[in-house]
1. Can you give me the long-range amide H partners of T410? Hydrogens built in the peptide plane at 1.01 Å from N, cutoff under 5 Å, separation of 5 or more residues or another chain.
2. Using a 1.4 angstrom probe on heavy atoms only, work out the carbon and sulfur share of the accessible area of region 70-145 in %.
3. How much space per residue, in cubic angstrom, does the convex hull of the C-alpha atoms of region 191-233 take up?
4. So how strong a dipole does the chain carry about its Cα centre when Lys and Arg Cβ are +1 and Asp and Glu Cβ are -1, to the nearest 20 debye?
5. At 1.4 Å probe size, put S455, S481 in order of accessible surface, largest to smallest.
6. At 222 nm, what value in deg cm²/dmol follows for the chain if DSSP H runs of at least 4 each add -39500 (n - 2.57) and the sum is divided by all its residues, to the nearest 500?
7. Could you put S303, S137 in order of accessible surface area, largest first, with the 1.4 Å probe and the full protein assembly present?
8. Under a 5 Å amide H to amide H cut-off, with H placed in plane at 1.01 Å, what residues pair with T512 once short-range neighbours are removed?
Amino acid sequence: MNRKTLVLPTVIGLLAPVLAACGASEGAGSSGNAIVVGTTDRFTATKDTPAPFDPAYSYDVGTWNILRQTVQTLMIQPKGEGEPVPEAAQSCAFTDSGNERYACKLRSGLTFANGDAVTAEDVKFSIERARTIKADSGVFALLSTIDTIETQGDNEVIFHLKTADATFPFKLSTPVAGIVNPDDYDKAKLRAGFAIDGSGPYTLKAETDGRQMTKAVFTKNPHYKGTLKVNNDEVDMVSYKDADAMGAALQKGDIDLMTRTMSPEQIKKLAAGSVSGDIDMVELNGLEIRYLAFNTTAPTVKSKAVRQAMAQVVDRAELVTKVYGSQAEPLYSLVPATLIGHSNSFFNTYGDPNVGKAKTLLADADITTPVKLTLHYTTDHYGPATKQEFETLQKQLNDTGLFDVSIEGTPWESFVPAQHKGEYAVYGMGWFPDFPDADNFVAPFLDKDNVLKSSYAEKDIISDLIPASRREADRLSAAKSLTKIQDIVAQDVPILPLWQGKQYVAANSDITGTAYALNSSATLQLWELGRGVSN
């Protein structure tokens, strides 16, 4: 047997010795055999979500992980983390002292997968298209600091920003800034279905069953030019109905690797070496967070006192211990503990769970108890432990006698439209960051055009604090503004953070590159995978 669990830090200097021990063999991926990856992500085209893979619409970790293989961006997060580096671009930089003018030059000879040249006008078209369509997913908000886009010749693009934005290079590394061919995408409307045409490392062939994609076949793009070394010729991604089915497929050898989303029980068994077969597991640091969000105009939670009382009694430590064990950690802020700018604002405000304090908060606001609430969650997007998580939250709240809570689970394809329409007063969500910066854990939820469609709008956060944090190229200097934002959130509780999770990859031992299969933002990097001989 060759079963091992590798715990990998995100710091590249520390990671290198581990990779040396794993030793990707020469010629990894040269066998011609497709590497098969399992996932529990479901990819569905419906009336409410007709264009799941359009960069102007897509805004969840599963669909972004399809796009990142196929649609190229000017910038990319580098192997081993750090500041973004040029990808479709040869070079990019701020060209003024105020971080309001950002210029990129394209790589020479860059083409789409069909051989058409990629020009500066194509870049402008792609990004302006997302800003024009303004899809209800809210992904266009990532481009909100752009004022105008200018091209000079065929290979230079200049972004003029409305205000300084030190995070802008990160935003150009996200799929909403992906470069698409104007011949295949309408400027004014979304591209329905599962087709993708780009200049990334792979092309995509989608196998479908009705309105659902069951298998994604990624084939190495012979025209690709960029920074990535593609270690295989083909990767097939197969969707499974649940973690148990995916795990069984790995043990049988039907798939070579699985990651999103394993159950806590599977991870424990793999870590303990109690799963049969020659399977390795890699544990990686992650920036995934889970939280409860509130529709602050809903009658049941409109009073800040109700939301504060919930914050006062939710026991994160118990929640994590009962449901996720060592696979997660309690989170007391929207910003994960591992990022610059994190502050334990919720713990500083509420301390340990205290029913007496919660009772006082409700009494002082003349709130009649028990407060009747329904907590909504999605049944098929964040993993099989989600139901247990919400059962634990339900019990915690009901045991106080201050709340009368029921829970209701809904499939993702129906959950998201209902949440966007404001049908839920309280609902559970997860967040996998667009990029590893504290700004991406506050602005998407609290700025204008936020992804939650939230009516909560705090003037100081929107007008002063978010812009102030973005003016700081040195992110340590942004911590003051970011801490103020987190303190306001703890007082107003439009969102209640719960926990921060780790990431796991399980693979047959002949699969190489698993240490880099995911970065901290949960980006699936299929190009890193190959076949060879591991330890």
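The values are calculated or read from the model by the stated rules, or taken from the named source; none is laboratory data. Being a predicted model, the structure only gives us computed values, none of them experimental. Note: ideal-geometry Cβ built from the backbone for every residue, glycine included; neighbour counts use all protein chains shown. In case anyone asks, the SASA skips ligands and DNA or RNA and just uses the protein heavy atoms, side chains included. Shrake-Rupley method; radii C 1.70, N 1.55, O 1.52, S 1.80 Å.
1. Y377, T378, T379
2. For region 70-145, the apolar C and S fraction of the accessible surface comes to 46 percent.
3. Working: hull volume 3.1 nm³, N = 43.
For region 191-233, the hull spanned by Cα atoms encloses 73 Å³ per residue.
4. Details: 51 positive and 66 negative charges, 99 e Å.
Using only the charged Cβ atoms, the result is roughly 480 debye.
5. Numbers: S455 65, S481 20 Å².
Result of the area sort, largest leading: S455, S481.
6. Numbers: 15 runs with 138 residues, N = 535.
Dividing the helical sum by the residues of the chain leaves -7500 deg cm²/dmol.
7. My answer, sorted largest first, is S303, S137.
8. Correct list: G530, R531, G532.
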